[in-house]
Amino acid sequence: MIVLGLDTSHYTNAVGVVEGDKVLADFTYEAKTDSLEQIVANIESTLQSAGLTLKDVEGIGVGLGPGSWTGIRVGVTVGKILAFSAGKPVAGVPTLEALAYAARNESPLICAVIGAGTGDAVYAALYRPENGAVGRISEYYVGDVKGLTALLTGPAVLAGNGSQAYAGLIKQETGMNIKAVEALPGGASVACLASRRLERGEKDDVLSLTPLYLKESTAKAFVNKYKSNHA
Amino acid sequence: MDRYEFFSNSPASTSALGKRTGERLAPGSIVALTGELGCGKTLLTRGICAGLGVPLRQVNSPTFVLVNEYRGRLPVFHMDLYRLGTESDVVELGITDYLSRAESGVMIIEWAEKIPSLLPDDLLKVEFEILSPRKRRIVFSTFGGRFAGLFEELRS
Amino acid sequence: MLVLGIETSCDETSAALVVDGKMILSSIIATQLDLLKKYGGVVPEIAARRHTELIGYVIKEALDTAGKTLDDIEAVAVTSKQGLIGCLLVGVAAAKSISYSKQVPLIGVHHIEGHIFANRLSHPDLPLPHVCLTVSGGHTMLLYVPEDCRYELLGTTLDDAAGEAFDKIAKFLGLDFPGGPVVDKLSRQGNRKAYDFPRPMTRAKTLDFSFSGLKTSVINMFKDRVARNEALPLADIAASFQEAVVDVLVSKTMRAAGERGVTAVSVTGGVSANSRLRHVFAETCKQKKIDVFFPDLSLCTDNAAMIAAAGYARMKLGEVSGLSLNVFPNVPLEG
């Protein structure tokens, strides 16, 4: 099955095309304030580089965040409405899972991490490689970087954008050594994970698909961050 | 903490204070306005925008649209939280996206008292108190040195 | 030609199907349609998030109600100018996806132009030139409209929009939300001459508006009476406040109409649903032998049908946007 994958959670338009586990194209375009403006051009050129057009796409994968909510809404809306319009199935993929998937060969324990706005608040979750993909083995974490150590049940690799800086902070605050793999979420990672779900017949409802808001925790993370400033 | 208290006798006085302030704001400034309905937040904002070179015709109340964006000598983001409920709502609205975009310009937030814990300490807080139909007590305060130049100029 | 209209500039998530810019096959506004009951789930309060969750539903509902599919759509018109950026993005993202996938033209529309066309939808014979007053929670603008899609700004608000003044006063008086309709209803029981609130800027030469002074007048008067333990007849206060707003809106519009020598006035936007405003305009225009036009009530507030109509008009002038359409939260109406 030819699957198009999109992720717009990190101020980039990440677009990839896969056929099963085979990556046909994978590009990440800078998109600070113009994610929406460029998205169609980015999708077109990614497809073209694999010798494909939109008509060849049989399924669509969409990164659900967390990250920049404004960006994520562009990707989720484009992904689901394209699917609706073309009559194709859609599958949402948490961006943390896509990050973990890209690092699945680095370690038996992967802590995917995404910055939560300004300061050192992060979203994170722990994953383990399984069956050629990854499985989440912890609850979603939203809090400050040094608190991440509580999540780690063994030696793990930190994967995500800014992970090296986070690893440095962890070392500074707790003395723990942790390897970091810098990466932005990839469109092909999203497409691969979506493809697996779609092959199993597990699609999302095209109309109701929404970003992965980690709600209650989100506000608390910010409150904690600024409380520590006042202390 | 730096603090400056101003007594305004008229809308024109509030406006003029705004203009002097706007002239001294650098990129990355966040101005948080708090005070009840009718105290002069939008009026002061118009003054600040005048000081930033924004054509005044562009500046009006963003109560319904939540954020207005203007262009002066710096980009200006004029936010009004009047209609919002909780801090969570504001976070999901994408305030952090706005905060990053506002690093290159100035952000002015009306009804900032709705989000006491979401903003950095080194912002410029402006608190209004209504003393009479035309008179206001306006208190500027900040932590850190970001607005030192402004405070110096206001006191002189 | 069948145009799909999409509008997500502020609070309402809306989609509509309109033929040739004049026949509405369907007009779906999420808050008015009980989508909650139909599809289940809780609708969040924050607009941008809500738009993402509802956009697919309103589009599908608009198609189903009209008995059409996306294959029947010949163009997509979407609000891309004027509004909250996070909200506009959702509508344009959806519109772009449909335009790309079905390979039909995409037209970005200015929200205010949508309101101007709302009246054209209700009155296909609305003459040109005319003077148009667009008045809502977010906008108060007076325009001269010499021909289709050509506009000259005559006046705008310097501070609060008229609809916003209604909402803030209503909230201050402890009334329900939204303030406009509540004040309208309450005012019918009140004496509109009980208090003489100022009519801001009516004597000034300019055609600009200002309502924050009126707002503070009402607030000050109210606080004063509370301090002196005097009665607070809400219906009278509401009626007098409303009368002041109506006076200002009507007098400035009529002055503009006189200055431009037009024989038609168009009043649109959410506040154009106000019964007192409609009455005073009708009376005043009758005296001056000017025709006045109001949109059907369902087209006064934000909706996608008006966007479809405006998009169709722009398309006829050869103005199509293309797939790199972006959003502009604060840009003047061009034409």
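The values are calculated or read from the model by the stated rules, or taken from the named source; none is laboratory data. Every value quoted in this text rests on a predicted model; they were computed, and no experiment measured them. Every residue, glycine among them, receives a Cβ derived from its backbone with ideal geometry; neighbour counts consider all protein chains shown.
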Q. Which residue, of A:126, A:96, is under 15 Å from the mean Cα position of the chain (by Cα), away from chain B (no Cβ under 14 Å), crowded, with 22+ Cβ neighbours inside 10 Å and touching a residue at least 40 places away in the same chain (Cβ under 8 Å)?
A. A:96
Q.
Just the residues that are touching a strand residue (DSSP E or B) at 6+ places or on another chain (Cβ under 8 Å), assigned to a loop (DSSP other than H, G, I, E, B) and more than 14 Å from chain B (Cβ to nearest Cβ), please, taken from region C:144-163.
A. C:146, C:151
**Q.** Residue count for region A:129-152, restricted to those that are in contact (Cβ under 8 Å) with a residue 60 or more places away in the chain and acidic (Asp, Glu)
**A.** 1
Q. For region A:152-165, how many residues are surrounded by 19 or more Cβ atoms within 10 Å (Cβ to Cβ) and over 22 Å from residue A:11 (Cβ atoms)?
A. 2
Q | Answer from C:196, C:184 - the residue that is more than 15 Å from residue C:159 (Cα to Cα), away from chain B (no Cβ under 14 Å) and not in a loop (DSSP other than H, G, I, E, B) | A | C:184
Q.
Suppose we keep only residues that are surrounded by 14 or more Cβ atoms within 10 Å (Cβ to Cβ) and not polar (S, T, N, Q) within region A:42-51. Which one would you say is farthest from residue C:325 (Cα to Cα)?
A. A:50
Q) residue A:182 fails exactly one of the following numbered conditions: (1) closer than 30 Å to residue B:121 by Cα; (2) touching a helix residue (DSSP H, G or I) at 6+ places or on another chain (Cβ under 6 Å); (3) among the acidic types (Asp, Glu). What is the number of that condition? A) (1)
Q) What residue, of B:34, B:63, B:21, B:45, is within 12 Å of chain C (Cβ to nearest Cβ) and under 10 Å from the mean Cα position of the chain (by Cα)? A) B:45
Q.
Any residue at all in region C:89-99 that's away from every other protein chain (no Cβ under 12 Å) and touching a residue at least 24 places away in the same chain (Cβ under 8 Å)?
A. no
Q: Could you tell me whether residue A:90 is under 22 Å from residue A:32 (Cβ atoms), in the same structural domain as residue A:29 (by TED's automatic domain parsing) and β-branched (Val, Ile, Thr)?
A: no
**Q.** Identity of the residue in region C:199-230, without any contact (Cβ under 8 Å) to a residue 12 or more places away in the chain and within 14 Å of residue C:251 (Cβ to Cβ), that ends up farthest from the other protein chains (Cβ to nearest Cβ)
**A.** C:203
Q: Search region B:30-57 for residues that are in a strand (DSSP E or B) and pair each with any residue that is among the hydroxyl-bearing types (Ser, Thr, Tyr) when their beta-carbon atoms are under 9 Å apart and the residues are at least 6 apart or on different chains.
A: B:31/B:21; B:31/B:45; B:33/B:42; B:33/B:45
Q) For residue C:324, which of the numbered conditions (1) in a loop (DSSP other than H, G, I, E, B); (2) modelled with pLDDT of 95 or more; (3) over 30 Å from residue A:32 (Cβ atoms) fails to hold? A) (3)
Q) Any residue in region A:176-199 that is assigned to a loop (DSSP other than H, G, I, E, B) and on the phi > 0 side of the Ramachandran plot? A) no
**Q.** Subset of region C:151-172 (residues that are more than 21 Å from residue C:202 (Cα to Cα) and not basic (Lys, Arg))
**A.** C:151, C:167, C:170, C:172
Q: Kindly establish whether residue C:99 is surrounded by 23 or more Cβ atoms within 10 Å (Cβ to Cβ), in the same structural domain as residue C:88 (by TED's automatic domain parsing) and of a type in the set (Ser, Thr, Tyr).
A: yes
Q) Restricting to region B:66-87, what's the tally of residues that are surrounded by fewer than 18 Cβ atoms within 10 Å (Cβ to Cβ) and either in a loop (DSSP other than H, G, I, E, B) or facing chain C (nearest Cβ under 7 Å) (or both)? A) 3
Q | Qualifying residues in region C:241-289 (those that are touching a strand residue (DSSP E or B) at 6+ places or on another chain (Cβ under 7 Å) and surrounded by fewer than 17 Cβ atoms within 10 Å (Cβ to Cβ)) - the one nearest to residue C:137 (Cα to Cα) | A | C:282
Q: Of the conditions (1) out of contact with any His (no Cβ under 8 Å at 6 or more places or on another chain); (2) within 30 Å of residue A:4 (Cα to Cα), residue A:184 clears all except one; give me its number.
A: (1)
**Q.** Subset of region B:117-156 [part of a strand (DSSP E or B) and buried (at least 19 other Cβ atoms within 10 Å of the Cβ)]
**A.** B:124, B:125, B:126, B:128, B:130, B:136, B:138, B:140, B:142
Q: Provide a single number: the residues in region C:100-130 that are within 14 Å of chain A (Cβ to nearest Cβ), assigned to a helix (DSSP H, G or I) and of a type in the set (Gly, Ala, Ser).
A: 1
Q. Out of (1) modelled with pLDDT of 95 or more; (2) more than 7 Å from chain A (Cβ to nearest Cβ), what's the single condition that is false for residue C:49?
A. (1)
Q) Of the residues A:85, A:68, A:107, which single one is at pLDDT below 95 and more than 14 Å from chain B (Cβ to nearest Cβ)? A) A:107
Q: Would you be able to tell me the number of residues in region C:270-317 that are of a type in the set (Asp, Glu) and part of a helix (DSSP H, G or I)?
A: 1
Q. So, of the residues in region A:29-38 that are more than 14 Å from residue A:68 (Cβ to Cβ) and facing another protein chain (nearest Cβ under 8 Å), which turns out to be surrounded by the most Cβ atoms within 10 Å (Cβ to Cβ)?
A. A:37
Q: Report yes if some residue within region C:131-143 is in contact with a helix residue (DSSP H, G or I) (Cβ under 6 Å, 6 or more places away or on another chain), crowded, with 24+ Cβ neighbours inside 10 Å and part of a helix (DSSP H, G or I); otherwise report no.
A: no
Q.
Looking only at region A:185-217, filter to residues that are polar (S, T, N, Q) and out of contact with any strand residue (DSSP E or B) (no Cβ under 6 Å at 6 or more places or on another chain); which one of those is modelled with the highest pLDDT?
A. A:189
Q: Answer yes if at least one residue in region A:19-40 is among the polar types (S, T, N, Q) and in contact with a Ser or Thr (Cβ under 6 Å, 6 or more places away or on another chain), and no otherwise.
A: yes
Q.
Suppose the filter is part of a strand (DSSP E or B) and surrounded by 18 or more Cβ atoms within 10 Å (Cβ to Cβ); does residue A:113 pass it?
A. yes
